[in-house]
Amino acid sequence: MLADQIILTGRRYLGTPYVFNAPSYRTDMFDCSSFTQYVFGVNGISLPRNSRQQFLVGTPVPLHQIQKGDLLFFTTKKRKKRNGIAKIGHVGIYIGNNQMLHTYRQGKKVTITELNSYWRKNFIGAKRVL
């Protein structure tokens, strides 16, 4: 299944450093959207470069119907008060079991995180691109 392949690809980069505005298709560093762009891209699905552009593709999915491989979009402290897609400041990949694969914040690395109350409270939407 393509979702499993995407997750497998993403897991290969666990521990890769986060760098804001990391260039596309570099694998020694990622920001959240260069990570999703790369992982989906090597599996044949072309995504735009940033999280706001990525939010414009795919089919919307309600949070209670997300599946492995769906893109999850969140707001951030800096973007919370903005409107529309300008609110979006983060993207991750849903991997099942209430967890996502993503990278965020300087000093952090590609990691797996539980979709806890913090992430749920900042959730903007999910998109299915598979």
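The values are calculated or read from the model by the stated rules, or taken from the named source; none is laboratory data. Quick caveat, the model's predicted, so the values are computed rather than measured. In this analysis, Cβ positions are derived from the backbone assuming ideal geometry, glycine residues included, and neighbour counts consider all displayed protein chains.
Only residues that are modelled with pLDDT of 95 or more and closer than 21 Å to Lys77 by Cβ were counted across the range 89-125, and they come to 22.
Note on the range 71-118: residues that are among the polar types (S, T, N, Q) and in contact (Cβ under 8 Å) with a residue 40 or more places away in the chain total 5.
Do the conditions hold for Gly69, that is, is it surrounded by 17 or more Cβ atoms within 10 Å (Cβ to Cβ), modelled with pLDDT of 95 or more, among the small types (Gly, Ala, Ser) and touching an Asp or Glu at 6+ places or on another chain (Cβ under 9 Å)? Yes; evaluated as a whole, the condition is true for this residue. Number of residues in the range 1-49 that are within 15 Å of Asp70 (Cβ to Cβ) and exposed (fewer than 13 other Cβ atoms within 10 Å of the Cβ): the value is 2.
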